[in-house]
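Chemist: Attaching a single structure in structure tokens format; questions to follow.
The values are calculated or read from the model by the stated rules, or taken from the named source; none is laboratory data. The structure presented is a predicted model; accordingly, all values stated were derived computationally and were not measured. FYI the Cβ positions are ideal-geometry reconstructions off the backbone, even for glycines, and counts take in every protein chain you see. Remember, those area values only see protein heavy atoms, side chains included, never the ligands or the DNA or RNA. Shrake-Rupley method; radii C 1.70, N 1.55, O 1.52, S 1.80 Å.
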Amino acid sequence: VDILAFDACLMQMLEVSYAVREHVDIMLASEDIEPGEGWAYNDSMAPIAANPTMTPEEVATMIVETYDESYDGGSQGNRATTQSWVKLSKIDALMTALNRTAMSLSGNFIQETKSTIKKVQKFYYRSNIDLIHFLKTLEQQVASNTNSSTSALKSQLLNELSAAKSAAIDFVGFSKAHGYNKKNSFGTAIYFPSRGYSFSEKYLKLDFAKASQWDEMLQAYYEASKTRLKDIGM
């Protein structure tokens, strides 16, 4: 399929992209909830009818543009929205970079991760976070760590975070968001509950979880978080 497009809420997640990667070139969806009116089909279909030779990339970009414009004072009114498309041909490179990052992060840099989760762009389900904003913010938090005992791991993790961030940016073909509470939406989300008791065991059954180190990193983070809280008497 050239373009798999979701006129639905919360579908632009890496886990969903990974599930359809073998059958789809472009996945177009929203990181956050969509307004009840959904897509502005008159706005987005008319250009395709007028120019049926548009490439899939041009169609996907046009749909993102018209969707954003329709809710930014356009035909659908004024509502904060997100919409983007991603390149499934780039998902393997992103998975490789993200796995390296997750393995280095597992059980390490707990305070930096906690600070990042407090600041990261979240969506309607607070366990859905923007992946690129997470990587950017964590990179900043780790860079500011002056603990010399972790200098070797810090250098390695910074390199891996930079590589994962670049791969994630390359994965996103085009993204638009407006509304103050969407300002750090960069085109693809991922699962990261802020607390261990919120972690869904069903997540482990996903193809993404089976193929990645992300779920292992999450569980190591929860375990280390509990240990650190216990150590300081909380």
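Chemist: As an exercise: evaluate Q140 against (1) more than 24 Å from A93 (Cα to Cα); (2) open to solvent by 70 Å² or more (accessible area, probe 1.4 Å); (3) assigned to a helix (DSSP H, G or I) and give the number of the one condition it does not meet.
Modeler: Single failed check for Q140: (1).
Chemist: Here's something else I'd like to know. Considering only the stretch 205-223, how many residues are part of a loop (DSSP other than H, G, I, E, B) and open to solvent by 60 Å² or more (accessible area, probe 1.4 Å)?
Modeler: Residues in the stretch 205-223 being part of a loop (DSSP other than H, G, I, E, B) and open to solvent by 60 Å² or more (accessible area, probe 1.4 Å): 2 in total.
Chemist: Right, next: I need the full set of residues from the stretch 71-92 which are part of a helix (DSSP H, G or I), of a type outside the set (V, I, T) and open to solvent by less than 60 Å² (accessible area, probe 1.4 Å), in order please.
Modeler: L88
Chemist: Okay, next question. For the stretch 56-74, give me each residue that is among the acidic types (D, E) and under 19 Å from the mean Cα position of the chain (by Cα).
Modeler: D68
Chemist: When the residues of the stretch 185-204 are narrowed to those that are within 11 Å of the chain's Cα centre (by Cα) and open to solvent by less than 40 Å² (accessible area, probe 1.4 Å), which ends up nearest to I117 (Cα to Cα)?
Modeler: Ranking the qualifying residues of the stretch 185-204, first place goes to F192.
Residues are listed down the side, and each one gets a yes or a no for (1) open to solvent by less than 40 Å² (accessible area, probe 1.4 Å); (2) among the acidic types (D, E); (3) in a helix (DSSP H, G or I):
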residue: E34; (1), (2), (3): yes, yes, no
residue: G38; (1), (2), (3): yes, no, no
residue: A49; (1), (2), (3): no, no, yes
residue: E57; (1), (2), (3): no, yes, yes
residue: T66; (1), (2), (3): yes, no, yes
residue: E69; (1), (2), (3): no, yes, yes
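Chemist: State which residue pairs qualify: first residue within 16 Å of V16 (Cβ to Cβ) and of a type in the set (G, A, S) and inside the stretch 121-141, second residue part of a loop (DSSP other than H, G, I, E, B) and open to solvent by less than 10 Å² (accessible area, probe 1.4 Å) in any location, beta carbons under 7 Å apart, and separation of 6 or more residues or different chains.
Modeler: These pairs meet every condition: S127/F192; S127/P193.
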